[in-house]
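Data first, discussion second: the structure below is written as structure tokens.
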Amino acid sequence: MAGLAIATCDRYTKELSFSYQMDRDGNLPVLDEPLACQFCAQVICGGRPMRLPDTMLGALSGDTVSRHDRAGWLAIPLITQHETIGVLVLKSDPETRYLDEDRDLLQFVSEQVAIAIDRAQMKVELLRAARYDELTGLPNRRLFKDRVNSAVARCVRNRRSMSVLYIDVDDFKQVNDAFGHATGDQLLKEVARRLQLCVRGADTVARFGGDEFVVLLEGVETQGDAQLVAVKIRDAMSPPLDIDGHSLRIPLSIGLALYPEHGQELEQLLKHADEAMYADKCSRDVAPT
């Protein structure tokens, strides 16, 4: 075998990408990925091994490949119990012939590779599901807690402060009741998107469930600094959201807590921020959506 490549298919986008490729000398790339992806898509669609002679999949190079150096390609679909998840691509030496026992062995190898990849993908998905919100893709309560604990440790070490914002989408129930849960879901995803645009990459936006979001702001030294971020968030929510012909506004109630003034542990900070958020909600006359 002169080379090996493995293409995997994203379960959601169905896009193909090569997670591994290398020749017998440790060189890469083995093949021209865009062209190879087209070939592998045919293999996945057909569900059967395919052979392609010569250098049609060879890695792009300025050198001319002689007829004697040309190798053949064998692509074997990686099939699990439920679906085809990728393709095993083998680069063979010139004039290679596969006997029946070779094909049986390669079929067995492809089955084992498919099982290993499927298990690895399932593990990644389970780990992500345990730490991220399915609807918005934001960190969930568990991951947010981990990040706050890490941030507290950094604050202690560097003698810095941080802030936690507790955010509630006002009148969200009315949106669900009036326009349906699909519209409500779109609203929450847009809130998540706009919140992320309001903070730095080092900060964390999380969804606690329902219409409640929290934001961890590291390196925020004063309550005034945190309030500036809250104002930025309100401004970002000002443009109405157009969903299925409905123009929806996104009013928010926001409460904040500052470490260490309002608590030195997550639950203390959340309690203070939640109470501040409730006070903010009660102090404003929220117009119905």
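Please go through (1) in a loop (DSSP other than H, G, I, E, B); (2) open to solvent by 60 Å² or more (accessible area, probe 1.4 Å) for Gly26 and return the number of the only condition it doesn't satisfy.
Of (1) in a loop (DSSP other than H, G, I, E, B); (2) open to solvent by 60 Å² or more (accessible area, probe 1.4 Å), only one is false for Gly26: (2).
Specify the residue that is most open to solvent (accessible area, probe 1.4 Å); the eligible residues are those in the stretch 56-97 that are at pLDDT below 80 and touching an Asp or Glu at 6+ places or on another chain (Cβ under 8 Å).
Leu60
Yes or no: Cys40 modelled with pLDDT of 80 or more, closer than 21 Å to Glu15 by Cα and open to solvent by 30 Å² or more (accessible area, probe 1.4 Å)?
Taking the combined requirement at face value, the residue does not satisfy it.
When residues of the stretch 138-194 are filtered for being within 27 Å of the chain's Cα centre (by Cα), surrounded by 14 or more Cβ atoms within 10 Å (Cβ to Cβ), hydroxyl-bearing (Ser, Thr, Tyr) and at pLDDT below 95, how many remain?
Qualifying residue count, the stretch 138-194: 1.
Looking at (1) without any contact (Cβ under 8 Å) to a residue 24 or more places away in the chain; (2) part of a loop (DSSP other than H, G, I, E, B), find the lone condition where Leu135 falls short.
(1)
Being under 23 Å from Arg142 (Cβ atoms), open to solvent by 70 Å² or more (accessible area, probe 1.4 Å) and more than 30 Å from the chain's Cα centre (by Cα) is the requirement here; does Gln264 meet it? Outline the logic, then answer.
Numbers: under 23 Å from Arg142 (Cβ atoms): yes; open to solvent by 70 Å² or more (accessible area, probe 1.4 Å): yes; more than 30 Å from the chain's Cα centre (by Cα): yes.
Considered against the rule, which asks whether it is under 23 Å from Arg142 (Cβ atoms), open to solvent by 70 Å² or more (accessible area, probe 1.4 Å) and more than 30 Å from the chain's Cα centre (by Cα), Gln264 comes out as yes.
Which condition does Cys45 not pass, out of (1) closer than 18 Å to Glu111 by Cα; (2) outside any helix (DSSP H, G or I); (3) open to solvent by 80 Å² or more (accessible area, probe 1.4 Å), if it passes all the others?
Here Cys45 clears every test but (2).
The values are calculated or read from the model by the stated rules, or taken from the named source; none is laboratory data. Worth saying up front: this structure is predicted, and the values here are computed from it rather than measured. Counting neighbours? That spans all protein chains shown, and the Cβs are built from the backbone with ideal geometry, glycine included. Remember, those area values only see protein heavy atoms, side chains included, never the ligands or the DNA or RNA. Shrake-Rupley method; radii C 1.70, N 1.55, O 1.52, S 1.80 Å.
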